[in-house]
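The values are calculated or read from the model by the stated rules, or taken from the named source; none is laboratory data. Everything quoted here is computed from the prediction, not taken from an experiment. All Cβ positions, glycine included, derive from the backbone under ideal geometry; neighbour counts span all protein chains shown. Each accessible area value is taken on the protein alone, full model and side chains, heavy atoms only, with ligands, DNA and RNA left out. Shrake-Rupley method; radii C 1.70, N 1.55, O 1.52, S 1.80 Å.
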Amino acid sequence: MAIRKHSAGRVGSAALTLLLATATMTLAARQRHMEAARQAERRLEERRLELQELAIRRTALAHQQHMQWELLARAIDDPSLAAVIDTFDKSIPAEKRRQFFYANAWYVHLFHLYRAGILDKEELYRHLREFFQSSLFREYWEASKTQRASLNEASEEAGIGRMVDGLLLDLDEADTDEWWVVGNPPSD
């Protein structure tokens, strides 16, 4: 009888140990699951904040572009206002300088579409390749060389300017009238 009690005690102790181990494993698994859920929630919240920041940035860029257009439109319409921002060579006739302001407005518009993510670099390149079929646009680009020289070399805008310079070189050196195939559009 004493042996039976001792064996029953061992079985009971083993069952209790097994039950305790199972409960511990279940608790640990539940904690891992809860931690994974918290991490997933944090990642979702971070992503939501990133998207919110992107939306705010795009809204700010759109507002900035609108304001720039308004200011340029006033300068185009009123030569006395244009004098405030006119850094072009004064030997260039006033009418042509107004055209340069308009060309600048188009260039900046395309640049902002690119920065806002509406155009990728290849699409920007293709649009600019078309715009540079205009001799006035090319004159504007040449006349604004000193303005671009003041940009920070590492800036995105300076990089796009170098891309355009390369495009113009390709267009000038092309031995075809099919301008739409000239150059190698960059890929992002």
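Over the heavy atoms of Met25, what accessible area does a 1.4 Å probe trace out, to the nearest 10 Å²?
130
With θ set to phi - 60°, apply the Karplus curve 6.51 cos²θ - 1.76 cosθ + 1.60 along the stretch 101-116 and write out the HN-Hα couplings as whole Hz, x wherever there is a Gly or Pro.
Result, rounded to whole Hz: 4, 5, 4, 4, 4, 5, 4, 5, 4, 5, 4, 5, 4, 5, 5, 7.
Show that you can apply the helix-only estimate: for the chain, add -39,500 (n - 2.57) for every DSSP H stretch of four or more residues, divide by all residues, and state [θ] at 222 nm to the nearest 500. Numbers along the way, then the final one.
Working: 7 runs with 148 residues, N = 188.
Taking each H run of at least 4 residues, the total per residue is -27500 deg cm²/dmol.
Using a 7 Å offset from the Cα along the Cα-to-Cβ direction at both Glu142 and Ala29, what is the distance between the two label points in nm, to one decimal?
It is 7.7 nm.
Count the net charge of all other residues whose Cβ sits under 15 Å from the Cβ of Glu153, scoring Lys and Arg as +1 and Asp and Glu as -1.
Working: positive: Lys145, Arg148, Arg162; negative: Glu156, Glu157, Asp165.
Residues near Glu153 contribute 0 overall.
When Rg is the radius of gyration of the Cα atoms in the chain and Rh is its Kirkwood radius, what does Rg/Rh come to? Write down the numbers at each step before the final one.
On the way: Rg = 33.2 Å, Rh = 22.1 Å.
Radius of gyration relative to Kirkwood radius: 1.51.
I need the phi-derived Karplus couplings for the stretch 145-150: 6.51 cos²θ - 1.76 cosθ + 1.60, θ = phi - 60°, integer Hz, Gly and Pro marked x.
In residue order, the calculated couplings are 4, 5, 5, 5, 5, 7 Hz.
How many percent of the alpha carbon pairs in the stretch 20-63 exceed a separation of 17 Å? List each step's numbers first, then the result.
Numbers: 528 of 946 pairs.
The share of Cα pairs beyond 17 Å in the stretch 20-63 comes to 56 percent.
Estimate the FRET efficiency between Ile56 and Glu122 by the formula 1/(1 + (r/R0)^6), using the beta-carbon distance for r and 25 Å for R0, to the nearest 0.05. Walk me through the intermediate numbers first.
On the way: r = 27 Å, r/R0 = 1.07.
It comes to 0.40.
What whole number of Å gives the distance from the Cα centroid of the stretch 12-70 to the Cα centroid of the stretch 112-157?
41
Given a cut-off of under 8 Å on Cα pairs at least six residues apart, what relative contact order in percent is computed for the chain?
Details: 87 pairs, mean separation 32.5, N = 188.
It rounds to 17 percent for the chain.
Evaluate E = 1/(1 + (r/R0)^6) for Arg162 and Ile92, where r is the Cβ-Cβ distance and R0 equals 22 Å; express this FRET efficiency to the nearest 0.05.
Working: r = 24 Å, r/R0 = 1.10.
Plugging the Cβ-Cβ distance into 1/(1 + (r/R0)^6) gives 0.35.
For Asp177 and Met67, FRET efficiency with R0 = 35 Å and r from the beta-carbon atoms, rounded to 0.05?
Numbers: r = 40 Å, r/R0 = 1.14.
Given R0 = 35 Å and the Cβ-Cβ separation, E is 0.30.
Give me, ordered by chain and number, the residues 5 or more places off Leu119 or on other chains with an amide H under 5 Å from its own placed amide H.
Tyr114
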